[in-house]
1. For the stretch B:116-308, what is the Kirkwood hydrodynamic radius in Å, using each pair of distinct C-alpha atoms?
2. Would you count, across the stretch B:116-308, every pair of lysines whose alpha carbons are under 27 angstrom apart, provided the pair is eight or more residues apart or spans two chains?
3. With labels modelled as points extended 7 Å from the Cα through the Cβ direction, what inter-label distance (nm, one decimal) is found for residue A:40 paired with residue B:177?
4. Once amide H atoms are built 1.01 Å from N in the peptide plane, which residues 5 or more positions from residue A:84, or in another chain, come under 5 Å H to H?
5. If you add up the charges near residue A:114, with Lys and Arg at +1 and Asp and Glu at -1, over every other residue whose beta carbon is less than 12 angstrom from its beta carbon, what do you get?
6. Give me B:347, A:337, B:284 sorted ascending by neighbouring Cβ count inside 10 Å, so fewest comes first.
7. Set the Förster radius R0 to 35 Å, insert the Cβ-Cβ distance between residue A:74 and residue A:351 as r into 1/(1 + (r/R0)^6), and round the FRET efficiency to 0.05.
8. Find every distance from the label point of residue A:39 to the corresponding label point in the other copies (7 Å from Cα along Cα→Cβ) and write them in nm, one decimal, shortest first.
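We did not get these values from a lab; they are worked out from the coordinates using the rules stated. Since we're looking at a predicted model, the values are computed, not measured. Please note: Cβ atoms are built from the backbone with ideal geometry, for glycine as well, and neighbour counts cover all protein chains shown.
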Protein chains: 2
Amino acid sequence: TLLGEKCFACPIIVYLSKRGNSILQYRNILLEGFILYNGNKYHITDNPDGVINMGTSENKLCYDLLHKRLTKPDMLHVEPSLLQYTDWRGHPFLREEVAKFLTHACRSPRPLKADNLVVMNGCSSLFSCIAAAICDPKDVVLIPTPFYGAIAEDVGLYSDVKLFHVPLECEAEGKDSRPFHLTVEKLEEGLQRAKQEGLTVRAVILINPHNPLAEIYTQKEMLDFLQFAKRNELHAIVDELYMLTIFVESVMFYSVLSFDSLPDPQRTHVLWGLSKDFAMSGFRIGTLYTENQDIVDALVHLGCFHGVPGTAQHQVAQLLKDRDWINEEFLPENRRRLKAAHSYVTRELLTMGIDYIDSPAALYLWTDMRKYLREPSFEEEFRLWRNFTRHKVLISCGQAFSCSTPGYFRIVFSDQQQYLRLGQLFLQNTQYLKQDDTNSDNAGIVRATLSPLSKPVDPLTQRDAPVPAPVSLAAEDLVSVGCQASNPAESLGSLIGTLRHQINSSDWLEKNTPQLSAGEDPEILDVFKALLQRAAK
Amino acid sequence: TLLGEKCFACPIIVYLSKRGNSILQYRNILLEGFILYNGNKYHITDNPDGVINMGTSENKLCYDLLHKRLTKPDMLHVEPSLLQYTDWRGHPFLREEVAKFLTHACRSPRPLKADNLVVMNGCSSLFSCIAAAICDPKDVVLIPTPFYGAIAEDVGLYSDVKLFHVPLECEAEGKDSRPFHLTVEKLEEGLQRAKQEGLTVRAVILINPHNPLAEIYTQKEMLDFLQFAKRNELHAIVDELYMLTIFVESVMFYSVLSFDSLPDPQRTHVLWGLSKDFAMSGFRIGTLYTENQDIVDALVHLGCFHGVPGTAQHQVAQLLKDRDWINEEFLPENRRRLKAAHSYVTRELLTMGIDYIDSPAALYLWTDMRKYLREPSFEEEFRLWRNFTRHKVLISCGQAFSCSTPGYFRIVFSDQQQYLRLGQLFLQNTQYLKQDDTNSDNAGIVRATLSPLSKPVDPLTQRDAPVPAPVSLAAEDLVSVGCQASNPAESLGSLIGTLRHQINSSDWLEKNTPQLSAGEDPEILDVFKALLQRAAK
């Protein structure tokens, strides 16, 4: 895959170490997409030409419910201990509440224990800590692909742990098989391959419900995977971040914490958090449940990097304690809204003849857009991603998840109005999907023309002839300045580096600035100048 | 020093990697002391036999002011963006407020820019990120000793960066000199020594006001240090965490951000936060100001590990925006209370003939207790520390700050009632300071006798004959079980490891448990049994 590759043409930044340069150049399409969106968010009135984000997995359907609960008076509580240093595993009162809540939510046969819990500011932090505690630098962790791409950075950036891919086939391979079917045989084969390469394999990561496939593994499947881990003395890191995001009530989900017994409890570590199931990714709460006290102890030492404000810990405890609100208000209404959004988007996909994995879980659909590729390559997939991005729709391409087959995309459906737009996007204008984006490079950095689609279409305010409006700089625009358009492998950071290099080593700045000031939107020019100044430094 | 040494007698924990074992065994007396305190906090009515904490640098004098402000209605605010992913540098609205606040507080000649700011969950996180960005593993950073000991872990645990000590002399070395005097010559000498050892030196850490010396460096001194850094192409990491904690108004503090120009702005990085100056260490807010955008960009990639909840970011912005409250209520009252507490404790120290560095800054006093050592060694210093701890008073010994001379202690004075106790502690019972604690080892793990001092003395409720009460297990008790009492270099984690090893490899458990059940306090026995069970696992 293209992930993890670096732009060797980029200059080394002298202020940073080799590691610092490598951190800067770490390729992460999910983050790059998010940065594009975050700097230019679509808003129906304030920024109608902004980016519509169907790429970042966030639940934006339940803000009203959350607002109501999170502004109740019990949330505004301060006491001395909340303003002081505390246990780096999290305040005992919070770990008690999380233990009670997970006992209930996971249908654990025994009460889960607060002492087996660690609460940190998000699951990225927990992945990073666990990787540091159980792996040495360059050790590897098995992971079936596609997988939520940020995990590569979670274990890699600080802890220098590599993921070893176990590729899943996009087509079913027999009568009991299904697309992207994870089996113990595949894990065994991956493990053997890693060992043959002389690598030290310390763990396997299992995601259930799966990200990005949205697949729910059965109790038997998970047990088989855990037994595979035990046989091979691998830690099993079980990511159950979407455990409550299942919107068809007849579908049962089995957390590994619901099992009568775990095959290897000292090597089984279960992650959960508030980001997905409680639609609060900005609240930064991740939880680890493990019976291994050595790991808990190691995490205490790393906890100073991943602490949560005491007052926020209080709020989370209050939320999880309010079982009436959770069971009678939030969860049923959340399921209802997710189901409606899911139905809408799958209907549109069906109309367009785009296949997807059907699942009543998670916030996204794993779609097969191979028919829009001119050839089956990741360059083509990236071209398509850039086409979407250029047209101000952010979705996530398969290579961001290390998918072994090009042409798959993850589409997030859990948004209020924006998802309505998706259907129209595809229905009204599909011709651009195969359009060669190198044509538009000729238009220069500030003259990328907008297709009618870049004007958002809201059912209530839709007009017949949307007018073109200023565009902001995006990754693909920079490509046309600094790098070959045929080389899509550079990260945004790398591209800025290349741009800077070009500017420093030529009279490019003198030559190019003046022509931009003629007749262009002054706001665009300001953005462009700022970027140039920064690059020229 | 003894810091950073490991207990080679301890068994390797098989579930953890070499790095994981090393994390567990990382020696940090400050953290160990805090854990002892946190599990057994002194409370005047609920836990009168708990530990009194004069070791952790926290300001506990202003809770009433903070409570009043932090429970105002503007603090309870939720909007969608606060619950969603955002810029990993911190929400723009928060960085704007921090920039405005620091412009004001540092008397910056130019408005500081939000784009030069990164907000993370504490300065430990910022130290860790900066170390990763500017250093490769095994690179070193110069630091004058004594220094706030946790920085060794901040740069070491994840980023594998070592601190290279520049020892300051405890005695003045000439007429313009003073105790622990930092000079450019000392920095130069340290740099040369590091280079001779073949090390790559990437930065120097400067703390002002200093921790633990409480010293305030002048404008000229700081400028000289920054010029030293520039001459040698070193990054200067300037920790100004106590910049507003100066309680004599006539004393001026010059932040490096107040300078007309910085010698090397691309290599100067200034840390600040809410922990000390706003008495909110549990709120986890640290800020970095740097003009180096490459470092800011690198920190964006690491930001996912160090995020702050959106709602907490809102609260911090509200707080910093409320300049009336800060300038007319909080800061003047905080100064007044700090000054009173400082005066009280220094008066007691003078009475006892204990020297300290006189400074109107910070939350602690750097005291010279060399006269209580039977010989000038760190073992003796550690014995004294254990004696304090055994008597339920936590203060911090010099080796926790890598001080090159044994016998110095940092005493935190910014506490409500407890500091009153300090004077009495020393005045009433000084004889135990030289007492040999190995005697009490004979008494066994649950029979450590309490001196009258272990009963806290409150001026309002003081009684003549305090009665002995249950003690909890402390580090020094474990020493007597598992390790030689004469070897004080093991960390609490190591000691538990050794204990476990002893138990597993012998019939120690059978032999030792029964004798403990006879006539001892049942609560103590429970704690001991729980520890044994955990160790025997």
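1. On the way: mean 1/r = 0.0591 Å⁻¹.
Computed over the stretch B:116-308, the radius equals 16.9 Å.
2. 17
3. My value for the distance between the label points is 6.2 nm.
4. Amide H to amide H, under 5 Å and 5 or more residues apart or across chains, residue A:84 pairs with B:282.
5. On the way: positive: A:89, A:95, A:100, A:113; negative: A:87, A:96, A:97, A:115.
Cβ neighbours under 12 Å give a net charge of 0.
6. Details: B:347 11, A:337 17, B:284 28.
In increasing order of surrounding Cβ atoms, one gets B:347, A:337, B:284.
7. 0.15
8. 5.0
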